[in-house]
Amino acid sequence: MRKARIVAFTVITAMVLSSIVRLFLFQTFLIPSASMDPTLAVGERVAVSKLAAHSGNFTRGDVIVFRDPGGWLPGELGEGRSAVAQFLSRVGVLPEDTGQDLVKRIIGVGGDHVECCTADGHLRVNGHVLTEAYVDSEVGSAQVFFDEVVPQGSYFVAGDNRGHSAGSRYHIAQGTWAVPRDLVVGKVVAVAWPFSQRRVIEGSAELADLPATSP
């Protein structure tokens, strides 16, 4: 009986600590699609830092997880999971995979002028042409043309696999293209699983170092 109480106390303590970590520090997410290839692959588990979300400290080039701003996702893609799996996900034991979160890269922050595209298919931010080494080179960026200024407190986002990612550019007509800061869950900092593929996820120095105004 004493051993059972110790085991129960240990399990409960572990779940409480895991929930605290999930709420304030880190959370894991499952990558469900190829929208971030080649940076993130389908089925990988990523570690997401919530510290930046608490401080609002995001910059261009960061890879972020955020909640649907409205009409980006088709529905409750995670409903097929068992009740146990859903509970373990909520307390942080299993990765979040409800299908109601998205992962994209920040291209523009509040006040930035984002345009697509140059004659050779590159984005411009504040008048500067991007090379975007992280983008799938076989696809490029020139699928949807736009010319927008990002509202303050929001972000313009895009997937690295532009041909298979419906980021901000695809939601301009609906008026839901800007991702508000309060919908951002956190910043992707590493791939945690599979163990053989673990790695740190860096932002983009090219984007982070862009001037805030046009040349």
Q) Conditions: (1) within 16 Å of Val184 (Cα to Cα); (2) modelled with pLDDT of 85 or more; (3) not charged (D, E, K, R). Ala53 meets all but one. Number of the miss? A) (2)
Q) Out of (1) in contact (Cβ under 8 Å) with a residue 12 or more places away in the chain; (2) surrounded by fewer than 16 Cβ atoms within 10 Å (Cβ to Cβ); (3) touching a strand residue (DSSP E or B) at 6+ places or on another chain (Cβ under 6 Å), what's the single condition that is false for Thr118? A) (1)
**Q.** Residues that are modelled with pLDDT of 90 or more and among the hydroxyl-bearing types (Ser, Thr, Tyr), drawn from the stretch 56-83
**A.** Thr59
Q) Which residue out of Val150, Val157 is in contact with an Asp or Glu (Cβ under 7 Å, 6 or more places away or on another chain), at pLDDT 95 or above and not basic (Lys, Arg)? A) Val150
Q) Just wondering, is there one or more residues in the stretch 171-194 that are of a type in the set (D, E, K, R) and farther than 22 Å from Asp112 by Cα? A) no
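Given the stretch 106-215, what strands (runs of 3 or more DSSP E) lie entirely inside it while holding 3 or more residues that are in contact with a Phe, Trp or Tyr (Cβ under 8 Å, 6 or more places away or on another chain)?
The qualifying strands (runs of 3 or more DSSP E) are 113-116, 154-158, 184-193.
The values are calculated or read from the model by the stated rules, or taken from the named source; none is laboratory data. All values reported here derive from a predicted model rather than from experimental measurement. Cβ sites come from the backbone with ideal geometry, for glycine too, and all protein chains shown count toward neighbours.
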